[in-house]
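The values are calculated or read from the model by the stated rules, or taken from the named source; none is laboratory data. Keep in mind it's a predicted model, so treat the numbers as computed, not measured. Accessible surface is based on the protein model in full, side chains and every heavy atom, while ligands, DNA and RNA are left aside. Shrake-Rupley method; radii C 1.70, N 1.55, O 1.52, S 1.80 Å.
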Amino acid sequence: MQPFLTTETLIIELMLVASLVGIVVRRLRVPYTVALVVVGLLLTNLSPIKFELTPELILGYLSRR
């Protein structure tokens, strides 16, 4: 269950970053896609992230044992 929560938290954080980029882009009048690419490159260079997409994450279903 821990890898699922880690991946889920990462996705939520990335969505938050994308939202913040959207807010900043409106004020700076820069194309949204360009800003997302620049922020993505900066995040990747700062700390490489490794995560694995699991079927539970994609389907939103946790198997019960």
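The set of residues in region 15-36 being open to solvent by 90 Å² or more (accessible area, probe 1.4 Å) and either hydroxyl-bearing (S, T, Y) or in a helix (DSSP H, G or I) (or both) consists of M15, L16, L20, I23, R26, R27, L28, Y32, T33. Identify the residue in region 37-65 that is of a type in the set (S, T, Y) and at pLDDT 70 or above and, among all such residues, is least open to solvent (accessible area, probe 1.4 Å). Top of the filtered list is T54.
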